[in-house]
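The values are calculated or read from the model by the stated rules, or taken from the named source; none is laboratory data. Fair warning: this is a prediction, and the values are worked out from it, not measured in the lab. All Cβ positions, even for glycine, are placed from backbone atoms using ideal geometry, and neighbour counts span all protein chains on display. Side chains are part of the model used for accessible areas, which takes the heavy atoms of the whole protein and leaves out ligands, DNA and RNA. Shrake-Rupley method; radii C 1.70, N 1.55, O 1.52, S 1.80 Å.
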Amino acid sequence: MAYELDKRLVVGIASSALFDLAEADAVFREQGEEAYRIYQEQHLDDTLDKGVAFPFIRRLLSLNGLSPDDPLVEVIVLSRNDPDTGLRVMRSIQSHDLPITRAIFMQGRSPYHFMPALNMSLFLSANESDVREAVALGLPAGRVLGPAAADESDDQDLRIAFDFDGVLADDASEQVYQTDGIEGFRSHETMKAATPHDPGPLRDFLANVNRLQRREEEQRVNDPEYKIRVHVSLVTARNAPAHERAVRSLKDWGVTVNDAFFLGGIDKSAIMGVLKPHIFFDDQVSHLTGTSRSTPSVHVPFGAMNEPKSPAPVDAPG
């Protein structure tokens, strides 16, 4: 019987997002592909250190304990490595006891094209060009930023934070802000308060996370001692009166968040220091410069604000 993916939350993960590949990438950049292949072969049994997305992925996969015989979550490696150099990645996955068994290795080629076939609602990578190309095709992808955060093994919660415009929603209102300034933006959002936004690249991912949350609620009904683990926050630069359209849009899309922070220009990194999400998605690098110092952060290069102004850099395999 075929293993069906349509009812699962499926995440694609590049090795560059899951593990710290800085040393191997340096070999690739400085010495070329053949030296990189030799390096990976020589270090085949050296377990890779945890990367930016590791805490998020580990906690996400742990939710399969709610349904051991029919997993709720599937994580699939999508890698630019060839199968030989990808062996170290798969061995590291085993060493870290991550239940990831499926992978696609594409020697030097972009793997994101397989996202629709695999029903993926998210792809994470450190490869900027892959992520930008995926998002340009309407696929939900993000580039991980910053150093890896400590993965506290005694903390089993999964805290996910989203920006709104350009992430959960489209960037139409952000374009109004860029053209007409803050007062024009507020006037526009007040006038359009009852009109839902068009969905952005990660709306469907949030919908799938909400499915996991509903499954947790069912578990708590059957087992009152079960502790809810998944917690979702909205963290946006919007404030009143522009907050209303965001709330109404979420309701219209049939998705929910547990908390909402309408910050009106307050530095998001200050909130992240208290909230401590295991992953935070935003469409603006300027917001992520501060958050990525301590919070696993993901840049979603969606919309007019993210149109490339210069050629993308050459990226190492991931």
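Would it be correct to say that GLU33 is modelled with pLDDT under 95 and under 20 Å from PRO111 (Cα atoms)?
yes
When residues of the range 259-271 are filtered for being crowded, with 19+ Cβ neighbours inside 10 Å and part of a loop (DSSP other than H, G, I, E, B), how many remain?
So the answer is 0.
If I filter the range 228-238 for residues that are more than 20 Å from the chain's Cα centre (by Cα) and not basic (Lys, Arg), do I get at least one hit?
So far as the range 228-238 goes, yes, one or more of its residues are more than 20 Å from the chain's Cα centre (by Cα) and not basic (Lys, Arg).
Find the residue count for the range 277-294, including only residues that are at pLDDT 95 or above and part of a loop (DSSP other than H, G, I, E, B).
The total comes to 3.
Out of all the residues in the range 129-148, which are touching a Lys or Arg at 6+ places or on another chain (Cβ under 7 Å) and either hydrophobic (A, V, I, L, M, F, W, C) or open to solvent by less than 10 Å² (accessible area, probe 1.4 Å) (or both)?
Hits for the range 129-148 are VAL131, ALA148.
Considering only residues that are open to solvent by less than 20 Å² (accessible area, probe 1.4 Å) and of a type in the set (Gly, Ala, Ser), look in the range 111-128 and name the one that is farthest from ARG91 (Cα to Cα).
SER121
What's the total number of residues in the range 97-152 that are aromatic (Phe, Trp, Tyr) and under 22 Å from SER62 (Cα atoms)?
Count: 1.
Can you find, within the range 272-300, the residue that is most open to solvent (accessible area, probe 1.4 Å) among those that are more than 19 Å from LEU206 (Cβ to Cβ) and not basic (Lys, Arg)?
Once the filter is applied, the top-ranked residue is VAL274.
Looking only at helices (runs of 4 or more DSSP H) that fall completely inside the range 1-92, which ones have 2 or more residues that are touching a Leu at 6+ places or on another chain (Cβ under 8 Å) and not basic (Lys, Arg)?
Because the criterion is at least 2 residues that are touching a Leu at 6+ places or on another chain (Cβ under 8 Å) and not basic (Lys, Arg), the helices (runs of 4 or more DSSP H) in the range 1-92 that meet it are 15-18, 54-62.
Write out, first by first residue and then by second, each pair whose Cβ atoms fall under 7 Å of each other, whose residues are 6+ apart or on separate chains, and whose first residue, in the range 207-222, is over 14 Å from THR256 (Cα atoms) while the second is surrounded by fewer than 16 Cβ atoms within 10 Å (Cβ to Cβ) and β-branched (Val, Ile, Thr).
GLU216/ILE228; ARG220/ILE228
Under the condition of being over 29 Å from the mean Cα position of the chain (by Cα) and of a type in the set (Gly, Ala, Ser), which residue from the range 168-192 is surrounded by the fewest Cβ atoms within 10 Å (Cβ to Cβ)?
Residue satisfying both the conditions and the ranking: GLY181.
Applying the selection to the range 49-87, what residues are closer than 25 Å to ALA35 by Cα and open to solvent by less than 20 Å² (accessible area, probe 1.4 Å)?
Hits for the range 49-87 are GLY51, VAL77, LEU78, SER79, ASN81, ASP82, THR85, GLY86.
I need the full set of residues from the range 93-109 which are open to solvent by less than 90 Å² (accessible area, probe 1.4 Å) and part of a loop (DSSP other than H, G, I, E, B), in order please.
HIS96, LEU98, PRO99, ILE100, MET106, GLY108 - these are the residues of the range 93-109 that are open to solvent by less than 90 Å² (accessible area, probe 1.4 Å) and part of a loop (DSSP other than H, G, I, E, B).
Looking for something in contact with a His (Cβ under 6 Å, 6 or more places away or on another chain) and small (Gly, Ala, Ser) - is there at least one such residue anywhere in the range 245-258?
Yes: the range 245-258 contains one or more residues that are in contact with a His (Cβ under 6 Å, 6 or more places away or on another chain) and small (Gly, Ala, Ser).
Under 23 Å from HIS278 (Cα atoms), open to solvent by 30 Å² or more (accessible area, probe 1.4 Å) and over 14 Å from the mean Cα position of the chain (by Cα) - does that describe any residue in the range 29-42?
no
Could you please give the count of residues in the range 244-258 that are open to solvent by 50 Å² or more (accessible area, probe 1.4 Å) and either touching a strand residue (DSSP E or B) at 6+ places or on another chain (Cβ under 9 Å) or of a type in the set (D, E, K, R) (or both)?
Number of matching residues: 7.
Would you please list the contacts, defined by Cβ atoms under 6 Å and residues six or more apart or on different chains, that run from a residue in the range 157-174 that is modelled with pLDDT under 95 to a residue that is part of a strand (DSSP E or B) and buried (at least 24 other Cβ atoms within 10 Å of the Cβ)?
ASP171/ASP165; SER173/ASP165; GLU174/ASP165
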